[in-house]
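Here is the structure we will look at.
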Amino acid sequence: MENSKGKVYLVGAGPGDAGLLTIKGRECLARAEAVVYDRLLNPALLAWAPPEADRIYVGKAPDRHALSQEEINVLLVSLGRQGKQVVRLKGGDPFVFGRGGEEALALQAAGIPFEVVPGVTAAVAVPAYAGIPVTHRGLASTIALITGNEDPRKENSAINWEGLARAVDTLVFLMGMANLPHIVARLLACGRPPETPVALIRWGTRAEQETLVATLADVEGRAQANGFSNPAVIVVGQVVNLRANLAWLEGKPLFGRRVVVTRPRPQAAGLSRRLAEMGAEVLTMPVIRTEPPADWQPLDAALDTLQDLDWIIFTSANGVRYCWQRLLAKGRDVRSLAGIKIAAIGPATARALQERGIRADWQPREYVAEAVAAGLGPLLAGQRVLLPRADIARTFLAADLRRRGAKVTEVAAYRTVMVQEDADCLKDMLAENKVAAVTFTSSSTVKAFLGLLGEEAGELMAGVDVFCLGPVTAATAREAGLEVTATAAEYTEEGLAQAIEAYYKS
């Protein structure tokens, strides 16, 4: 019996850059119970689905298919009948050479509710990332999108080659590299001038993006000489000449580099955005996440003694968040902190306090525990201090403050847990040399990252640049056998981004 609650969303994932996924597509992924995905998708997109969602690969390569199209149709119907919320994640747009229409018809025939979430098609986005507008006033008022996969041995082509060659300004062929000789021959035979500009754009919008500009007369030879193959978009027309002035992406300092950000997703947005602005393809692959402590009692007990405290020292924004969450749960608010001085280890922690109406009384110039101990320690002799921290945080600060005479209550405000959902994807990308750099923002991210890689860590990380936020994180990485490429001079996300930019610019 069919479950009426099941529904399938045919979601266009865009051409590769994860940032080109639409807001609605991301919302669908966030509530998916099953994700059915294709071969050329950016793996970072799967991270938007809940960890417990089924992830089903149905990729089709030219020489092998995980599932045939008919089997994919049956799978989608089956998942819908099970009452699942299903996302069929397809590269580009589902209805632009994506066979989304076939899947929609199969669902309609089976009585399974479905929705289509359009995506950014490679036919427009890939040329745009190469600096080629597919239309341009005075150069191109018409555009045609053509499959590059039509069998050239067919007696009766479904493509109107003469009409394309003579009547359309810009021609965009998708996945046509295997048929490039046939495409060129037909266009020339039908009257397209041999000097017509042609652009071949491989892996468009991804870190591997390459662009080759030629003419119809010489594009075959140049493609062969440069080893061009699919996945690629072929653009034919005068708009190709605009690339000389409009190639905006390739001049960015991190163009062509894929950078892995390992910090928890809620805190990774700023660094990921900054790296993307510099041209990197960013893979946000958290290796840790924070969770409430196994037992709230120690933190509750500490918060019950707020009236006796002189100082609270927050060493992370997470500590602020969990303490505040617990304070509110106990029916209290910022007034409970009246008379207590507050220290923040760095700007991110200070911002977390400000968001809750609290201005930090003290912050070190250097954002590490050693600087807190050196700067604040002499002031705390005889003072009562609360130090909420992660369960696996270093014990140095509490020990040093006690040595200086402070009365320190150290309590775990949250736990740090290893995230394993992305481990296989991460290993595959490292093994295929698809990662240029990995960023670490804490010792816990280093340890979790290497724990996920296991015994293969040394081999997988060979040739990968390592960037660390601060000397403590860098020391942990070196002790674990990693070669640290650069350390942020300022121990902030912006400082880390600047260190990466400076290294690659030099």
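The values are calculated or read from the model by the stated rules, or taken from the named source; none is laboratory data. Being a predicted model, the structure only gives us computed values, none of them experimental. Positions of Cβ are generated from backbone atoms using ideal geometry, with glycine treated the same way; all protein chains shown enter the neighbour counts.
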Does V484 qualify as being surrounded by fewer than 23 Cβ atoms within 10 Å (Cβ to Cβ), at pLDDT below 95, under 23 Å from R274 (Cβ atoms) and not small (G, A, S)? no
Hey, can you tell me all the residues within region 487-498 that are surrounded by fewer than 20 Cβ atoms within 10 Å (Cβ to Cβ) and part of a helix (DSSP H, G or I)? E494, G495, Q498
Residue in region 407-465 that is nearest to the chain's Cα centre (by Cα), counting only those that are outside any helix (DSSP H, G or I) and without any contact (Cβ under 8 Å) to a residue 12 or more places away in the chain: E432
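Name the residues in region 294-316 that are exposed (fewer than 14 other Cβ atoms within 10 Å of the Cβ) and either of a type in the set (K, R) or part of a helix (DSSP H, G or I) (or both), would you?
So the first thing to find is which residues in region 294-316 are exposed (fewer than 14 other Cβ atoms within 10 Å of the Cβ), and the list is 294-295, 297, 301, 304-305, 307-308.
Q297, A301, Q307, D308 - these are the residues of region 294-316 that are exposed (fewer than 14 other Cβ atoms within 10 Å of the Cβ) and either of a type in the set (K, R) or part of a helix (DSSP H, G or I) (or both).
Return the total of residues in region 215-239 being without any contact (Cβ under 8 Å) to a residue 40 or more places away in the chain and buried (at least 18 other Cβ atoms within 10 Å of the Cβ).
Taking region 215-239 and keeping what is without any contact (Cβ under 8 Å) to a residue 40 or more places away in the chain, we get 215-219, 221-222, 224-227.
Applying the additional criterion that residues be buried (at least 18 other Cβ atoms within 10 Å of the Cβ) yields 216, 219.
Residues flagged as without any contact (Cβ under 8 Å) to a residue 40 or more places away in the chain and buried (at least 18 other Cβ atoms within 10 Å of the Cβ) within region 215-239 amount to 2.
Kindly check whether there is at least one residue in region 187-199 that is within 22 Å of A225 (Cα to Cα) and assigned to a helix (DSSP H, G or I).
First, the residues of region 187-199 that are within 22 Å of A225 (Cα to Cα): 187-188, 194-199.
Next cut, assigned to a helix (DSSP H, G or I) only: 187-188.
Yes: one or more hits.
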Confirm whether G204 is surrounded by 19 or more Cβ atoms within 10 Å (Cβ to Cβ) and not charged (D, E, K, R). yes
Taking the condition of a type in the set (A, V, I, L, M), under 19 Å from E208 (Cβ atoms) and at pLDDT below 95, does M278 pass? no
Restrict the check to region 149-171 and report whether at least one residue is in a strand (DSSP E or B), in contact with a strand residue (DSSP E or B) (Cβ under 9 Å, 6 or more places away or on another chain) and among the small types (G, A, S). no
Lone qualifier among T135, T147, T142 - being touching a residue at least 60 places away in the same chain (Cβ under 8 Å) and over 18 Å from K7 (Cβ atoms): T135
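Within region 317-361, which residues are of a type in the set (V, I, T) and either part of a helix (DSSP H, G or I) or more than 25 Å from E490 (Cα to Cα) (or both)?
Step one: of region 317-361, the residues of a type in the set (V, I, T) are 320, 334, 340, 342, 345, 349, 358.
Scanning region 317-361 gives V320, V334, I340, T349.
Give the residue, chosen from E355, E410, that is over 30 Å from D54 (Cα atoms) and touching a strand residue (DSSP E or B) at 6+ places or on another chain (Cβ under 8 Å). Can you show your working first?
On the way: E355 fails: touching a strand residue (DSSP E or B) at 6+ places or on another chain (Cβ under 8 Å).
Just one listed residue meets the conditions, E410.
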Test set (1) at pLDDT 95 or above; (2) closer than 28 Å to A53 by Cα - V466 fails condition number: (2)
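Yes or no, residue by residue, for (1) surrounded by fewer than 19 Cβ atoms within 10 Å (Cβ to Cβ); (2) farther than 16 Å from A232 by Cα; (3) modelled with pLDDT of 95 or more; (4) over 36 Å from the mean Cα position of the chain (by Cα):
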{"site": "V120", "(1), (2), (3), (4)": "no, no, yes, no"}
{"site": "P127", "(1), (2), (3), (4)": "no, no, yes, no"}
{"site": "I146", "(1), (2), (3), (4)": "no, no, yes, no"}
{"site": "N149", "(1), (2), (3), (4)": "yes, no, no, no"}
{"site": "K154", "(1), (2), (3), (4)": "yes, yes, no, yes"}
{"site": "A158", "(1), (2), (3), (4)": "yes, yes, no, yes"}
{"site": "D169", "(1), (2), (3), (4)": "yes, yes, yes, no"}
Every listed condition ((1) within 23 Å of L21 (Cα to Cα); (2) outside any loop (DSSP other than H, G, I, E, B)) holds for G131 save (2)
When you go through (1) under 26 Å from the mean Cα position of the chain (by Cα); (2) over 17 Å from P231 (Cα atoms) one by one for M175, which number turns out not to apply? (2)
The one condition I392 fails out of (1) buried (at least 16 other Cβ atoms within 10 Å of the Cβ); (2) part of a loop (DSSP other than H, G, I, E, B) is (1)
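Among the residues of region 470-478, are any over 30 Å from A53 (Cβ atoms), outside the structural domain of R389 (by TED's automatic domain parsing) and under 21 Å from the mean Cα position of the chain (by Cα)?
First, pick out the residues of region 470-478 that are over 30 Å from A53 (Cβ atoms): 470-478.
Filter once more, keeping what is outside the structural domain of R389 (by TED's automatic domain parsing): 470-478.
Those left that are additionally under 21 Å from the mean Cα position of the chain (by Cα): none.
Within region 470-478, none of the residues are over 30 Å from A53 (Cβ atoms), outside the structural domain of R389 (by TED's automatic domain parsing) and under 21 Å from the mean Cα position of the chain (by Cα).
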Across region 319-370, which residue is farthest from C468 (Cα to Cα) among those that are of a type in the set (S, T, N, Q) and surrounded by 18 or more Cβ atoms within 10 Å (Cβ to Cβ)? Q363
For region 203-214, does any single residue satisfy the condition of being in contact (Cβ under 8 Å) with a residue 60 or more places away in the chain, hydrophobic (A, V, I, L, M, F, W, C) and under 21 Å from G279 (Cα atoms)? yes
